[in-house]
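Reading through the structure tokens given below for one structure.
The values are calculated or read from the model by the stated rules, or taken from the named source; none is laboratory data. Source: prediction; values computed, not measured. All Cβ positions, glycine included, derive from the backbone under ideal geometry; neighbour counts span all protein chains shown.
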Amino acid sequence: MAASVYPIYLTQVDGALAVVVGGGRVATRKVQGLLAVGARVRVVSPALTEALQAWAAADRVEWVARPYTSGDLKGALLAFAATDQRAVNAQVARDAARLGILCNVADAPEEGTFHVPAVARHEGLVVAVGSGGVDPGRSRRIRDEILRWLRERISA
Ligand SMILES: C[C@@]1(CC(=O)O)c2cc3[nH]c(cc4nc(cc5[nH]c(cc(n2)[C@H]1CCC(=O)O)[C@@](C)(CC(=O)O)[C@@H]5CCC(=O)O)C(CC(=O)O)=C4CCC(=O)O)c(CCC(=O)O)c3CC(=O)O
Ligand SMILES: NC(=O)C1=CN([C@@H]2O[C@H](COP(=O)(O)OP(=O)(O)OC[C@H]3O[C@@H](n4cnc5c(N)ncnc54)[C@H](O)[C@@H]3O)[C@@H](O)[C@H]2O)C=CC1
């Protein structure tokens, strides 16, 4: 059974620093969501996906082009451990805990301090769907259904 979760919506994310460790598929999805709300994004990774490279070239994200080191989280509101290296993600989680920074861990739902839900936005409503980290695909599918319902039923 999943540990219990307490849902909140973060405010004042516009301009806040989010540090994303890793530059792959999962990191790209997290960065996209962060840019959409105006966060300042720092990506720490020796390599980037094409989408991340394009954002770095356009100065939409800061790219620290090397492996993670303790210290990279300094000043962050949020940290994301999204490498494909278990030991590195665990280190990011430990460093974030020490610094009191909220941390999402891509490969170990119980290890960080928050999960990223699947989100539907419609006419000023924000619906977040989570499964306590148990089944993200299910969260996404239910979000898609909710979005369909909102678009059919809820107008401004
Ligand atoms: C715990 C959590 C931590 C976190 O916050 O990252 C987590 C963890 C893991 N995800 C895994 C797999 C996939 N995740 C997705 C997609 C999403 N995952 C998201 C959230 C979360 N994922 C958090 C829990 C949320 C909840 O409570 O439900 C969403 C909702 C939000 C977002 O990431 O933005 C986003 C859809 C949103 C959207 O579309 O908008 C897909 C693709 C798909 O389904 O389309 C795949 C299949 C990958 C493939 O393609 O192989 C694996 C197994 C990895 C493996 O075994 O290799 C783990 C690790 C594990 O479970 O141990
Ligand atoms: N939470 C989620 O939504 C999902 C999580 N996962 C898990 O997330 C992890 C990452 O998945 P993908 O993005 O698909 O992997 P990927 O292979 O596309 O990307 C891994 C990235 O980590 C970087 N990296 C490796 N070592 C590093 C280091 N020491 N410091 C900084 N960056 C480093 C690589 O350069 C690469 O950019 C996997 O462990 C996978 O099991 C997978 C799918 C969804």
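Counting only helices (runs of 4 or more DSSP H) wholly contained in segment 45-156, the ones carrying 2 or more residues that are basic (K, R) and within 24 Å of L35 (Cα to Cα) occupy 136-153. All but one of (1) in the same structural domain as E145 (by TED's automatic domain parsing); (2) within 11 Å of ligand 1 (Cβ to nearest atom) hold for E123; state the number of the condition that does not hold. All conditions are met except number (2).
In segment 28-44, how many residues are part of a helix (DSSP H, G or I) and not β-branched (V, I, T)?
We begin by selecting, within segment 28-44, every residue part of a helix (DSSP H, G or I); these are 28-36.
Remaining after also requiring not β-branched (V, I, T): 29-30, 32-36.
Counting residues in segment 28-44 that are part of a helix (DSSP H, G or I) and not β-branched (V, I, T) gives 7.
Do we find a residue being surrounded by 18 or more Cβ atoms within 10 Å (Cβ to Cβ), of a type outside the set (G, A, S), within 13 Å of ligand 1 (Cβ to nearest atom) and free of Cβ contacts under 8 Å to residues at least 24 places away in the same chain anywhere in segment 133-150? There is no residue in segment 133-150 that is surrounded by 18 or more Cβ atoms within 10 Å (Cβ to Cβ), of a type outside the set (G, A, S), within 13 Å of ligand 1 (Cβ to nearest atom) and free of Cβ contacts under 8 Å to residues at least 24 places away in the same chain.
Looking at segment 58-79, is at least one residue surrounded by fewer than 15 Cβ atoms within 10 Å (Cβ to Cβ) and touching a residue at least 60 places away in the same chain (Cβ under 8 Å)? No, every residue in segment 58-79 fails to be surrounded by fewer than 15 Cβ atoms within 10 Å (Cβ to Cβ) and touching a residue at least 60 places away in the same chain (Cβ under 8 Å).
Can you find, within segment 102-113, the residue that is farthest from A82 (Cα to Cα) among those that are surrounded by fewer than 18 Cβ atoms within 10 Å (Cβ to Cβ) and within 9 Å of ligand 1 (Cβ to nearest atom)? That would be E110.
Against the list (1) surrounded by fewer than 17 Cβ atoms within 10 Å (Cβ to Cβ); (2) closer than 25 Å to V129 by Cα; (3) not charged (D, E, K, R), the condition N89 fails is (1).
If I ask for residues that are among the small types (G, A, S) and surrounded by fewer than 16 Cβ atoms within 10 Å (Cβ to Cβ), which ones from segment 6-28 would you list? Residue satisfying the conditions is G15 alone. Of the residues making up segment 100-114, at least one is without any contact (Cβ under 8 Å) to a residue 40 or more places away in the chain and more than 16 Å from the chain's Cα centre (by Cα).
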